[in-house]
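Take a look at this one; I'll ask things after.
No value in this document is a laboratory result; all are computed from the given coordinates. Given the structure is predicted, the values throughout are model-derived calculations rather than measurements. Heads up, the Cβs are rebuilt from the backbone with ideal geometry, glycines too, and the neighbour counts pull from every protein chain shown.
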Amino acid sequence: MLKVGITGGIGSGKTTVCKIFEVLGVPVFYADLVAKEIMVKDLILIEGVKAAFGGDSYFDSGVLNNKHIAAIVFNNKAELEKLNALVHPAVFRAFDSWLEEIPPNSPYILKEAALLFESESYKMCNTSILVTAPKQMKLDRVTERDGVSAEQVLARMDKQFTDEQKLAMADHHILNDESRSLISQVLDLHQRFLNAKA
Ligand code: ATP
């Protein structure tokens, strides 16, 4: 099964692109969404988080204490790496289970991850797509979608590789600048992946 990693900076439109692939019948694994889910579901992960960051990491109800974790890892690279070292293998476990469940007639699969290159999970994919958009457009999209300030979005952008760095690593590129048709760019790649599978 061909595994295609797909990524893009915050607000680039990678989820929007994935939705188009889904319409074409391509199963999509949303790694960031799954990462949030398994924080309260994966027992190995939960025990690891408690051991690393203390019992206060979870409320008695089992809900994740985001504030507690954020206060520890915010601007502390070593602590953030510790958290990632727990979360990334758990996401890989979830991905493997997900792969076992996909319909057998699926042409190929997509794995969407904001930090596909930063987390090195692209190495587990056969090929990769980078979605980009002009910086101002990304800022406008995210401030409108999430109701946050441009400064908050810029701070999140600073934690990601630049588009130039990612372009050098990606095999395919979709430019989501609202002037080129997204659908035709997706259809073009879809055809290529179908041919690659044959
Ligand atoms: P994040 O990393 O924050 O999850 P993302 O890269 O997944 O972002 P999307 O959520 O797909 O980006 O898009 C960000 C916002 O921009 C959404 O509100 C989406 O509807 C809008 N958007 C994306 N692409 C387009 C487009 N081509 N035309 C109009 N709006 C768009």
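Which of the peptides 151-164, 128-141 is most tightly packed, and how do the rest follow, going by the mean number of other Cβ atoms within 10 Å of each residue?
On the way: 151-164: 13.9, 128-141: 19.5.
Order by mean packing, descending: 128-141, 151-164.
Could you pull out every one of the lysines with an alpha carbon less than 29 Å from that of K3, ignoring same-chain neighbours closer than 8 positions?
K14, K19, K36, K41, K82, K111, K123, K135, K138, K159, K166, K197
Evaluated at 10 °C with a viscosity of 1.306 mPa s, what Stokes-Einstein diffusion coefficient in µm²/s does segment 110-178 have when Rh comes from the Kirkwood expression over alpha-carbon pairs? It would help to have the intermediate numbers written out before the result.
On the way: Rh = 13.1 Å.
Rounded to a whole number, D works out at 122 µm²/s.
Equivalent-ellipsoid semi-axes (√(5λ), Cα gyration tensor) for segment 30-93, whole Å, largest first? Can you show the working numbers first?
Numbers: eigenvalues 52, 45, 22 Å².
Equivalent ellipsoid of segment 30-93: 16, 15, 11 Å, largest first.
Along the charge dipole of the chain, pointing to its positive end and built from +1/-1 on Cβ of Lys, Arg, Asp and Glu, which listed residue (I102, H88, S128) has its Cα farthest out?
S128
Right, another one. Give me the one-decimal nm value for the distance between modelled label points at A78 and L99, 7 Å along each residue's Cα-to-Cβ direction.
3.5
Further question on the same structure: Compute, for segment 51-124, the length of the dipole vector about the Cα centre, with Cβ point charges of +1 (Lys, Arg) and -1 (Asp, Glu) only. Units Debye, rounded to 20.
Details: 6 positive and 10 negative charges, 32 e Å.
Magnitude of the dipole: close to 160 debye.
Explain nothing, just the number: dipole magnitude of the chain about its Cα centre with +1 on each Lys and Arg Cβ and -1 on each Asp and Glu Cβ, in debye rounded to the nearest 20. Before the final figure, lay out the partial values.
Numbers: 22 positive and 26 negative charges, 49 e Å.
The dipole magnitude comes to about 240 debye.
Separate question: Please state, as a whole number in µm²/s, the translational diffusion coefficient that the Stokes-Einstein equation yields for segment 1-117 at 4 °C and 1.567 mPa s, with Rh defined as the Kirkwood radius across alpha carbon pairs. Walk me through the numbers on the way to the answer.
On the way: Rh = 15.6 Å.
Translational D for this selection: 83 µm²/s.
Still on this model: Can you tell me how much longer the chain between E120 and L24 gets when fully stretched, taken as 0.36 nm per residue apart minus their C-alpha distance, in nm with one decimal?
Working: separation 96, 0.36 × 96 = 34.56 nm, distance 2.72 nm.
Extra length available between E120 and L24 comes to 31.8 nm.
Where the centroid of each part is defined by its Cα atoms, how far is segment 169-198 from segment 107-152 in Å?
Spelled out, the Cα-based centre of one part sits 15 Å from the other.
Please list the radius of gyration and Dmax for segment 79-195, considering alpha-carbon atoms only, with Å as the unit.
In order Rg, Dmax, the Cα atoms of segment 79-195 give 16.3, 45 Å.
So for Y122, Y58, fewest C-beta neighbours within 10 Å to most, what's the order? Kindly include the intermediate steps, with their values, before the conclusion.
Details: Y122 24, Y58 19.
By the 10 Å Cβ count, ascending, the order reads Y58, Y122.
Only loop residues by DSSP count here, and only those with at most 10 other Cβ atoms within 10 Å; note down the GluC sites (Glu not before Pro) in segment 1-106 that meet that. Before the final figure, lay out each step's value.
Values: sites: E22, E37, E47, E79, E81, E100, E101; in loops: none.
Sparse-neighbourhood loop GluC sites (Glu not before Pro): none present.
Further, regarding this structure: Give the Rg (one decimal place) followed by the Dmax (whole number) of the chain, computed from C-alpha coordinates and expressed in Å.
Calculated on Cα positions, Rg and Dmax stand at 17.7, 51 Å.
How far apart, in nanometres, would the label points at S61 and D146 be if each is projected 7 angstrom from Cα along the Cα-to-Cβ direction?
The two pseudo-label positions are separated by 2.4 nm.
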